[in-house]
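First comes the structure, then the notes that go with it.
The values are calculated or read from the model by the stated rules, or taken from the named source; none is laboratory data. Remember, it's a predicted structure, so these values are computed and weren't measured experimentally. Heads up, the Cβs are rebuilt from the backbone with ideal geometry, glycines too, and the neighbour counts pull from every protein chain shown.
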Amino acid sequence: MAASMRLLVRRAIRLTHRNINVTTAGASGQTGCCCFSDAAGDRSTHFGFETVPETEKAKRVYKVFENVAQKYDVMNDAMSLGVHRLWKDMLLHVMHPQPGVRLLDVAGGTGDIAFRFLEYVRSQQERQRRRATRSMQTPSWQDISDNYSNENGEESKESRAVVCDINKEMLKVGKQKADSMGMGTGLSWVVGDAEELPFDDNQFDIYSIAFGIRNVTHIEQALQEALRVLKPGGRFMCLEFSKVTNPVLARLYDAYSFQMIPVLGEVIAGDWKSYQYLVESIRKFPDQEEFKGMIEDAGFYCVQYYNLTGGVVALHSGFKL
Amino acid sequence: MAALLRGLRAGRTLRGLCSVVSAPPAANPQCSGLTRGIHCAALRLQDESKSDKPPPSSSSTTHHEHYQTHSAEQASTSDPAAEEASRPNTSYQDQSGEQGEEYETEEQLQVRILNAALEFVPLHGWSMEAIAAGAETLDLSSASTGMFYNGAGDLVLHFVSHCNSQLTEILAEQHKQVQLGQAEQKRTADFLRDAVETRLRMHIPYIESWPQAMSILLLPHNIPNSLKHLSTLVDDIWFYAGDRSTDMNWYTKRAALTGIYNTTELVMVQDSSTDFQDTWNFLDNRIQDVVNMAGTAKQVQSTGEAVVQGLMGAAFTLKNLTGLNQKR
C-alpha cells in the first residue's frame with residue numbers, strides 16, 4: 001500500500017513539474033502539446049509550426065508520407081549526406097540482438113531497421129556456426145547425427161521482424177525493396193497505428209521506432225502501447241532527431257535545416273511543404289531529457305540516451321522490467 | 001526538476017539528522033508552498049512505510065536502505081538517470097506477470113540475472129550469450145542483456161565480487177569462532193594459505209573458462225575495477241590474519257600477498273593434477289618463501305648493524321695504533 005502511494009506521489013511530482021513547465025515556458029514554445037488545457041472538445045496540437053486540431057494531425061501526417069513515399073530513401077540520403085545509414089547502424093549496434101529475438105519496427109515504412117536487424121542476426125548466427133564447426137574439426141558419427149537433429153530445432157531460433165506502419169504507401173515501397181534484395185523470409189508487413197497496435201500483449205523482445213515518434217499525435221499513448229506489446233525484459237529503442245547541444249553546431253544545423261532541406265525536397269521530390277513540415281516537426285519534439293522523462297513515466301526502467309552527431313540525433317533506450 | 005530532487009534529498013538527510021536529535025516529525029500539518037507540500041508528503045510516506053513494516057523481512061530492509069542510500073549507489077551502476085534516485089522500486093503488482101518475484105531495484109534484478117547467467121558459463125563462456133541464457137531462465141527476454149553496458153565484463157566482475165564477499169563471510173565466521181574460544185588461532189602462514197586456497201577453490205567450477213575471465217579482467221576499461229576487487233581481497237585477508245601495522249609493513253605485506261595470489265591463480269589454470277595438488281604445493285612454497293624472506297630481512301638488518309659496529313671499532317683501534325688519536 002505504501003509502495004503504490006509512493007508511486008502516486010512520484011507521478012504527482014512529475015505532473016506538477018510538467019504543469020510548471022507548461023505555464024512558464026511560454027517564451028521558448030518548445031513544448032507545444034497542450035495536454036493540460038481544457039478537457040473535452042477540440043484539443044489542438046502542433047503540426048510543424050502550425051496549430052491544428054488533434055484529429056486532423058494524423059490525416060495530414062498520412063498525406064505527407066503518402067506524398068514522399070516513393071522518394072523517401074533518396075531524400076534521406078540527400079538530406080543527411082548518407083549519415084542516416086550510420087545512425088541506423090548505431091541503433092543496431094547498441095541493440096545487439098541475440099539470435100532468436102522478435103523485433104517490432106514501428107513507423108518502419110521502408111524497412112531500413114528491419115533489414116539491418118535480419119542481416120545482423122544472420123551474420124551472428126553464421127559466426128556462431130563457424131565457431132562451432134571450427135571447434136569440432138573431426139566430428140564423430142555421433143556428432144554428425146546430433147547436428148542433423150539440431151538443424152530441425154534451428155527453425156524455432158529464427159529471428160523475426162515485423163514492420164508496422166500506418167501508411168500503406170511506405171509499406172509498399174518497403175516490400176518492393178525486400179523483394180529486390182531477396183530478404184523475404186523472417187519479415188512481416190503490418191498496417192497499424194502506433195497509438196493502437198494490432199498485436200497482443202507480451203509479444204516482442206525489441207520495439208524500435210526510428211524517426212517516427214515525432215509524427216505521432218499522442219506520444220504517451222505510443223509509449224504505453226510499446227510497453228504493452230513488449231515481453232518482460234524487452235527493450236524499447238527510439239531513434240529521433242533531438243536538440244543539438246553545441247551552440248555553433250546548432251546555428252549551422254538550423255541554417256541547413258531551414259534553408260537547404262525544403263529546397264532539396266522541391267528539387268528531388270517536388271514537394272516543398274512536406275519537407276518544411278519535417279524540419280518544423282523536429283523543432284517541436286521534446287529534447288533528450290524531457291523525452292527520457294516521458295519514457296520513464298510510461299513505465300520503462302534503466303532509460304538512457306546516446307547523442308549522435310553532437311545531438312542532431314538521439315538514441316533512447318528503456319527496458320520493461 | 002533537479003531542484004526538486006535536490007530538495008528531496010536534502011530533506012532526506014535532514015530527516016536523518018532530525019531523527020537523531022529529536023523525535024521524528026510524524027506529521028507536518030503546516031506545509032506551505034508546492035515544493036514543501038510534496039516534500040512533506042514524501043516524508044509522511046517514509047514514516048508510514050517505516051511504521052507499516054514492523055517486522056522487517058530481509059528484502060524490505062534492503063529496500064529501505066536502498067531508498068536511503070540510493071544516491072550513493074548510483075555511482076556504482078551504469079544509470080545516469082537522476083530521476084532514478086527518487087524511484088528505487090521497480091515493478092510492483094501492477095506490472096503483469098511478475099507476481100511472486102519481489103526484486104526491489106534494478107540493481108538487484110541485474111544481480112539476479114548475473115547469478116542465473118553463471119550456470120551457463122561452462123557452456124557459453126564469459127559472454128553476452130551466457131547472460132542472455134541467464135535472463136531467459138528468469139522469464140525475461142534476452143533483449144534485457146542490453147542493460148549490461150560492459151557486457152561480459154559485468155558478469156566476470158560480479159562473480160569476482162561475489163567470491164570476495166563469500167570469502168569475507170567465511171573469514172569473519174572463523175574469527176568469531178576464535179573470539180568465542182571454540183577454535184585455535186592459526187599461525188599467520190597457515191592462515192594465509194587457507195584463505196588463499198579457499199578463495200581459489202571457488203574458481204574450480206569455472207576453471208575451463210577462467211583464462212577467458214582473466215583476460216576480460218585485464219581489458220583496459222576493466223582494470224580499475226579488477227584492481228579494486230583484488231586490493232580489497234588482499235586487505236581483508238590480512239585484516240583477518242591479524243595485521244594491524246601502520247608503517248611500511250602494510251604495503252609490503254599486501255604486495256607480497258598480491259604476488260602470491262596472482263601467481264597461484266596462474267598456476268591453477270594450467271594445473272592438471274588431482275584436486276589441484278600441485279597448485280597447493282606451489283602456494284605452500286611461495287608462502288614459505290615470504291616467511292623466510294621476512295626472517296632473512298631481520299637477520300640482514302641485525303647483521304648489518306653488527307658489521308657496522310665492528311668496522312667502527314676497527315677504525316678507532318687503527319687510529320689509536322697510528323697515533324692519530326693523541327690528545328696532548
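Could you check B:HIS229 against (1) touching a Lys or Arg at 6+ places or on another chain (Cβ under 8 Å); (2) modelled with pLDDT of 95 or more; (3) not polar (S, T, N, Q) and say which number it fails?
Evaluating B:HIS229 over (1) touching a Lys or Arg at 6+ places or on another chain (Cβ under 8 Å); (2) modelled with pLDDT of 95 or more; (3) not polar (S, T, N, Q) leaves (1) as the failure.
Could you give me the residue pairs with C-beta distances under 9 Å whose first residue belongs to region B:257-271 and is within 11 Å of B:TRP210 (Cβ to Cβ) and acidic (Asp, Glu), whose second residue is at pLDDT below 95 and not in a helix (DSSP H, G or I) wherever it lies, and which are 6+ apart or on separate chains?
Listed pairs, sorted by first residue: B:GLU265/B:HIS203.
Examine region B:176-195 for a residue that is closer than 30 Å to B:ASN150 by Cβ and surrounded by 13 or more Cβ atoms within 10 Å (Cβ to Cβ), and state whether such a residue exists.
yes
When region B:196-227 is examined, which residues are found to be touching a Ser or Thr at 6+ places or on another chain (Cβ under 9 Å) and either more than 22 Å from B:GLY151 (Cβ to Cβ) or basic (Lys, Arg) (or both)?
Answer for region B:196-227, where residues must be touching a Ser or Thr at 6+ places or on another chain (Cβ under 9 Å) and either more than 22 Å from B:GLY151 (Cβ to Cβ) or basic (Lys, Arg) (or both): B:VAL196, B:GLU197, B:LEU200.
Inside region A:299-321, can you point out the residues that are within 26 Å of B:LEU140 (Cα to Cα) and assigned to a strand (DSSP E or B)?
Passing the criteria: A:TYR301, A:CYS302, A:VAL303, A:GLN304, A:TYR305, A:TYR306, A:LEU315, A:HIS316, A:SER317, A:GLY318, A:PHE319.
Within region A:192-208, restricting attention to residues that are touching a Gly at 6+ places or on another chain (Cβ under 8 Å) and in contact (Cβ under 8 Å) with a residue 60 or more places away in the chain, which residue is farthest from the other protein chains (Cβ to nearest Cβ)?
Here the residue is A:ALA194.
How many residues does region B:120-148 contain that are within 9 Å of chain A (Cβ to nearest Cβ), over 15 Å from B:LEU109 (Cβ atoms) and part of a loop (DSSP other than H, G, I, E, B)?
So the answer is 0.
Can you pull out the residues in region A:95-141 that are within 14 Å of chain B (Cβ to nearest Cβ) and either small (Gly, Ala, Ser) or touching a Phe, Trp or Tyr at 6+ places or on another chain (Cβ under 7 Å) (or both)?
Correct list: A:PRO97, A:GLY100, A:ARG102, A:LEU103, A:LEU104, A:ALA132, A:SER135.
Are any residues in region A:85-97 within 19 Å of A:ILE261 (Cα to Cα) and free of Cβ contacts under 8 Å to residues at least 40 places away in the same chain, and if so, which ones?
Once the filter is applied, which keeps residues that are within 19 Å of A:ILE261 (Cα to Cα) and free of Cβ contacts under 8 Å to residues at least 40 places away in the same chain, region A:85-97 yields only A:ARG85.
What pairs come out if I take residues in region B:104-122 that are closer than 11 Å to B:ALA132 by Cα and pair them with residues that are acidic (Asp, Glu) whose C-beta lies under 8 Å away, six or more apart or interchain?
Within 8 Å, the pairs are B:LEU114/B:ASP154; B:PHE120/B:GLU129.
Pull up region A:48-89, narrow it to residues that are part of a loop (DSSP other than H, G, I, E, B) and of a type outside the set (Gly, Ala, Ser), then point me to the one that is farthest from A:ARG116 (Cα to Cα).
Per the criteria, the residue is A:PHE49.
Which members of region B:197-208 meet the condition of being surrounded by fewer than 18 Cβ atoms within 10 Å (Cβ to Cβ) and not acidic (Asp, Glu)?
The answer is B:THR198, B:ARG201, B:MET202, B:ILE204, B:PRO205, B:TYR206, B:ILE207.
From the residues in region A:212-232 that are within 14 Å of chain B (Cβ to nearest Cβ) and touching a residue at least 60 places away in the same chain (Cβ under 8 Å), which one is nearest to the chain's Cα centre (by Cα)?
Per the stated criteria, the residue is A:ALA226.
Among the residues of region A:274-302 satisfying the criterion of being β-branched (Val, Ile, Thr) and within 15 Å of the chain's Cα centre (by Cα), which is modelled with the lowest pLDDT?
Across region A:274-302, the extreme among qualifying residues is A:ILE282.
From the residues in region A:142-168 that are out of contact with any Phe, Trp or Tyr (no Cβ under 7 Å at 6 or more places or on another chain) and at pLDDT 90 or above, which one is farthest from A:HIS96 (Cα to Cα)?
Looking at the filtered set, the residue picked out is A:LYS168.
If I ask for residues that are among the β-branched types (Val, Ile, Thr), within 21 Å of B:ASP284 (Cα to Cα) and at pLDDT 90 or above, which ones from region B:167-188 would you list?
Correct list: B:ILE170 only.
In region A:219-267, what residues are under 30 Å from B:SER144 (Cβ atoms) and of a type in the set (S, T, N, Q)?
Across region A:219-267, the qualifying residues are A:GLN221, A:GLN224, A:SER242, A:THR245.
Check whether at least one residue in region A:52-63 is at pLDDT 85 or above, farther than 26 Å from A:ALA222 by Cβ and not charged (D, E, K, R), and report yes or no.
Within region A:52-63, none of the residues are at pLDDT 85 or above, farther than 26 Å from A:ALA222 by Cβ and not charged (D, E, K, R).
For a quick check of your reading: which helices (runs of 4 or more DSSP H) sit entirely within region A:184-283 and have at least 1 residues that are closer than 23 Å to A:LEU92 by Cα, of a type in the set (Ser, Thr, Tyr) and in contact with a helix residue (DSSP H, G or I) (Cβ under 6 Å, 6 or more places away or on another chain)?
Per the criteria, no element qualifies.
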